[in-house]
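See structure below.
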Amino acid sequence: MSSTFGHLFRVTNFGESHGPAIGCVIDGCPPDMPLTEADLQRDLDRRRPGTSRHVTQRRESDRVEILSGVFEGRTTGTPIALLIRNEDAKGRDYDDLVDTFRPGHADYTYWRKYGRRDPRGGGRSSARLTAPMVAAGAVAKKWLNEKFGTEVRGCMQQLGEIDIPFTSWAEVETNAFFAPNNGVVQQLEDAMDALRKSGDSVGARLRVMASNVPPGLGAPLAGKLDADIAHAMMGINAVKGVEIGAGFTSVRQKGSQHGDELLPSGFASNNAGGVLGGISTGQDIEVSIALKPTSSVRLPRRSITRDGMPTVVETLGRHDPCVGIRATPIAEAMLALVLMDHALLQRAQNGDVVHELPAIAACAEPANDA
């Protein structure tokens, strides 16, 4: 399996959804950065299950333990091992799925690839394995912020057919949906209550952005920053689409409109999403991702057994009616991991590069939602 992410800042993920524990080993973190478990816990608390009636009711505290790589509260430059114990695993909920394949899940593909699979909550293919990546992303967030003042933020843009107009970043952390508009929260709650009663699920669209990103991150041709961001986002469970900057909207734009003009005061726009030629411009990195509806639904779905016989699957147990509700911290973490990895790569090759022209970072015409 490909369980290691990154080049210089490398994160190796381990564990299964209903095993004794999950976790990761971070290799390549620079030494002497202050780091405690509390630095990681905030983002894990934002991602963890059971935080509202709109998500899975699996009860996990997701308390992270730092096992190595930190001495007297500072990183040592050696591998940082992080452990999160599974406290509410119920593998018996999946006894009826040992010989069948859930539609929309990785059950069939894992079995075809490996000849065997862990049916308990999807085993290795479960979104439970995003928790260690969120913990590793918190390490990257802290280093980026201390080094460059970089801030990584995310929010929900759409839940099913409900668009969420952007009002303020301050409102994102005040509701269970990471919605940047509290005025639409009641509509989202009503939609989720009806969905839960129906036994069905729905998808979502999220926005994740990073500000105060240094220019020069990324490399041609196989190390482009936007390509690595897209790779990271597509690696998140249920993500089926990624946009950088204007994304698919650029299809309708003219070249005179899409190309971001450069002015002495800064870029006039940010249709490029902060990346040109695979290299960061110093503008905000703007990413949008689409997550499919949760495949685990209570409604009967047609499938087959391992013997190829027709059957009907009804997925019981505890599941998110919309995986997008808890995905914002995950998307933030993956963006932070990519940016830190590229920052270390840039420092390694081009740390001595000096420019007379100051960096052009800010937009001359700020966006309304900045």
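Counting only residues that are among the acidic types (D, E), in contact with an Asp or Glu (Cβ under 9 Å, 6 or more places away or on another chain) and at pLDDT 90 or above, the stretch 60-86 holds 2 of them. For the stretch 123-130, the criterion of being more than 30 Å from G23 (Cβ to Cβ), at pLDDT 95 or above and surrounded by 18 or more Cβ atoms within 10 Å (Cβ to Cβ) is met by no residue. All conditions but one from (1) farther than 18 Å from A106 by Cα; (2) in contact with an Asp or Glu (Cβ under 8 Å, 6 or more places away or on another chain); (3) of a type outside the set (G, A, S) apply to V354; the one that does not is (2). For the stretch 1-38, filtering for residues that are of a type in the set (A, V, I, L, M) and either more than 24 Å from Y114 (Cβ to Cβ) or without any contact (Cβ under 8 Å) to a residue 60 or more places away in the chain (or both) leaves 6. Screening V242, V312 for residues that are aliphatic (A, V, I, L, M), surrounded by 12 or more Cβ atoms within 10 Å (Cβ to Cβ), touching a residue at least 12 places away in the same chain (Cβ under 8 Å) and not in a helix (DSSP H, G or I) leaves exactly one candidate, V242.
Which residue out of R306, R326 is basic (K, R) and surrounded by 22 or more Cβ atoms within 10 Å (Cβ to Cβ)? Let's see the steps before the verdict.
Values: R306 fails: surrounded by 22 or more Cβ atoms within 10 Å (Cβ to Cβ).
That would be R326, the only listed residue that is basic (K, R) and surrounded by 22 or more Cβ atoms within 10 Å (Cβ to Cβ).
Taking only pairs six or more apart or across chains, which ones have beta-carbon atoms under 7 Å, a first residue in the stretch 255-277 that is under 14 Å from A359 (Cβ atoms) and modelled with pLDDT of 95 or more, and a second residue that is assigned to a strand (DSSP E or B) and among the β-branched types (V, I, T)? As it stands, the answer is G274/I285, since those pairs meet every condition given.
The set of residues in the stretch 161-182 that are of a type in the set (S, T, N, Q) and under 22 Å from A194 (Cα atoms) comprises N175, N181, N182.
For the stretch 160-205, a residue qualifies if it is in contact with a Gly (Cβ under 6 Å, 6 or more places away or on another chain) and assigned to a strand (DSSP E or B), and exactly one does: A204. Quick check on A135: is it at pLDDT 90 or above, of a type in the set (A, V, I, L, M) and in contact with a Ser or Thr (Cβ under 8 Å, 6 or more places away or on another chain)? No; evaluated as a whole, the condition is false for this residue. Is it the case, given these coordinates, that S17 is surrounded by 20 or more Cβ atoms within 10 Å (Cβ to Cβ), at pLDDT below 95 and either of a type in the set (A, V, I, L, M, F, W, C) or under 20 Å from the mean Cα position of the chain (by Cα) (or both)? Judged against the criteria, S17 is a match. Flag set for Q157, criterion: in contact (Cβ under 8 Å) with a residue 40 or more places away in the chain, polar (S, T, N, Q) and either in a helix (DSSP H, G or I) or over 21 Å from N212 (Cα atoms) (or both).
The values are calculated or read from the model by the stated rules, or taken from the named source; none is laboratory data. The model shown is predicted, which means the values in this text are computed figures rather than measured ones. We place every Cβ from the backbone using ideal geometry, glycine too, and count neighbours over all the protein chains shown.
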